[in-house]
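The values are calculated or read from the model by the stated rules, or taken from the named source; none is laboratory data. Bear in mind that the values here come from a model prediction, so they are computed numbers and not experimental data. Side chains included, ligands, DNA and RNA excluded: accessible areas come from the protein's heavy atoms. Shrake-Rupley method; radii C 1.70, N 1.55, O 1.52, S 1.80 Å.
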Amino acid sequence: MIGPKEDLKPFSITLFILVTLEIIFVLFICPYLWYEVSYIIPMISLQLFIIAHFLMFLTMITDPGIIPRKEVFQAIGEIPDIFTSEGTDKKKFCKTCQIYRPARSNHCRKCDNCVEVFDHHCPFVNACIGKNNYKYFIGMVISLTLLGGMNIAGVILFIFYDGDTGRSSRSLVKNDTFLMAVAVVLALSITFLTALVFCLCIFHMKISMSGETTKEFRLNIKQNQSVAWFGEKSWFHPRLLIQSL
Ligand SMILES: [Zn+2]
Ligand SMILES: [Zn+2]
């Protein structure tokens, strides 16, 4: 399920950045928010962090929809008809896997497997995104966007919220140059990363509602074709949702 070794580097860097930013947020920002503003922001931030990483883990360990190669089918005993001959379903022959792959599937060069309803290979989670793990992938992107938004709100409150200005903790924070510098750098870093993830989130919500995969979207852009929103192929179509459970 997990991608090639060379993708371990972008995945490790992504994980390191996410964990480091959350640790800085928890250590430097959360204590003040918890006692002086509201415990709700630190609580929600931590929950979103856990949810996002749980979904990242599910995205990585779930079979994206790998189609077994011919030799695997032969070892089992028989090759299902769907993978043996060219039908009316725009099947293409994969020279590597030696099978006719169904429409919308594609051979991932990095993982060296054919994947059903292939969306893209994501180096940041080191996995192919396809029929079975797309729902976890989009859930992860949405929860990371919400996490970023929550943490930005927390840091802004930390910097600007005055509340009871007479309290000693407020003036201690206000006069701590190091703490304020950490908060500003953190706010800028999280805002930059959240803007990127937000764009990714909007993109995937758009294509999932229109029923396209990232690969099909790129092809359609090339061929200047449009796919109807909420079409038969939509990820939100009840039949496909039931099938993907
Ligand atoms: Zn293949
Ligand atoms: Zn792949």
Through the Karplus equation 6.51 cos²θ - 1.76 cosθ + 1.60, θ set to phi - 60°, convert the phi angles of the range 21-35 into ³J(HN,Hα) values in whole Hz; use x for Gly and Pro. 4, 5, 5, 4, 4, 5, 6, 9, 9, 4, x, 5, 4, 4, 8
Counting only residues 5 or more apart in sequence or on a different chain, those whose built amide H sits under 5 Å from that of C111 are none
Just to verify a number: what accessible area does F57 come out at with the full protein assembly present, 1.4 Å probe, Å² rounded to tens? 110 Å²
Expected output is a single nm value to one decimal: the length gained when fully extending between L46 and W34, i.e. 0.36 nm times separation in residues minus the C-alpha distance. What is it? 3.1 nm
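Accessible area per residue of the range 16-66 at 1.4 Å probe, in Å²? It would help to have the intermediate numbers written out before the result.
Numbers: 2700 Å² over 51 residues.
Here the residues of the range 16-66 average 53 Å² of exposed surface.
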Using amide H atoms built in the peptide plane, which far-off residues or other-chain residues are under 5 Å from K92 H to H? R101
